[in-house]
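One structure below.
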Amino acid sequence: MVPAAAGPATGERIPPETAGPRRRMRPWRLLPTPTGTPFTFAYAAVLVGTSLFALFADPGVVASALRGSSTDVAHLAHTPVFVLVASALWIAGGITSPFAIGFLVVLTALERRIGGRRTAGVFVLGHTVATLATEVPVGLSVMAGHLPESSLHRLDYGISFGVAASIGALAGLLTPWLRWAVLAVVGGMLVEDLIEFVDPMTSWGHLMALAIGVGTWPLVRRWRRAPGPSAA
């Protein structure tokens, strides 16, 4: 049997079911909703649409669309804003990619804590800064003759930099043990990718984006919503 709680003034016994609100597990809150997390929900709908397009459309049309959305040096030099936006409308690896799952869970959790516009700001910051930090050195290396000119047209698109930055930002809002566990696991996976040297530029970009997210901790902690019920 569970002992009843004592009343504050009279010593009267209060039944357990009326002693106070209980925190109940609500697994559906891990996923975005139109009212609770409108930014993540709308963005996820767009990503589902582009992923289905990439899966079922003519391969030549898909390849052309991806090339036109690439944040390679050549595109960044001529249409930087367009390709920075367009490249974030695709998921490299499709909707089964780990970054697609991370997008849903991490951005939902972050938006529930700091709101949609600020979550968008963290995502865009990581996506933009990490992209420029990896592509600008490529352009400089080509100019110096250390890389071939074909490197200026390297295919580069996806949401992974924004997701990595969002993970770093969200970690700052978690309890200490969970915060460092998340950073250790995610950071370890990104370092392992870098060691494998399959795509070192992207791997460095992921680590930089994670660090950018960690750098937002003073802001996201200031932005954290006051405790209270939120929309489901």
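The values are calculated or read from the model by the stated rules, or taken from the named source; none is laboratory data. Since the model is a prediction, treat every value here as computed from it, not as a measurement. We place every Cβ from the backbone using ideal geometry, glycine too, and count neighbours over all the protein chains shown. The area values use the complete protein model at the heavy-atom level, side chains included, leaving out ligands, DNA and RNA. Shrake-Rupley method; radii C 1.70, N 1.55, O 1.52, S 1.80 Å.
Worth pointing out:
- Taking 19 Å as the cut-off, the amide N atoms of region 37-63 that come nearer than this to a point 7 Å along the Cα-to-beta-carbon line of Leu31 belong to 37-52.
- The apolar share of the surface of region 46-183, taken as the fraction of accessible area on carbon and sulfur atoms (1.4 Å probe, ligands and nucleic acids excluded), comes to 74 percent.
- Per DSSP, loop trypsin sites (Lys or Arg not before Pro) in region 35-136 with at most 10 further Cβ within 10 Å: none
- Here Ile167 sits with roughly 30 square angstrom of accessible surface, probe radius 1.4 Å.
- J(HN,Hα) series, region 114-127, from Karplus relation 6.51 cos²θ - 1.76 cosθ + 1.60, nearest Hz, glycine and proline x: 10, x, x, 5, 6, 4, 4, x, 5, 4, 5, 4, x, 4
- For the residues Phe39, Phe56, a 1.4 Å probe over the protein chains yields an accessible-area ranking, largest first, of Phe56, Phe39.
- Accessible area of His78 in the full protein assembly, 1.4 Å probe (Å², nearest 10): 150 Å²
- Largest accessible area first, the residues Leu125, Leu152, Leu55, Leu190 order themselves as Leu55, Leu125, Leu152, Leu190 under a 1.4 Å probe with ligands, DNA and RNA left out.
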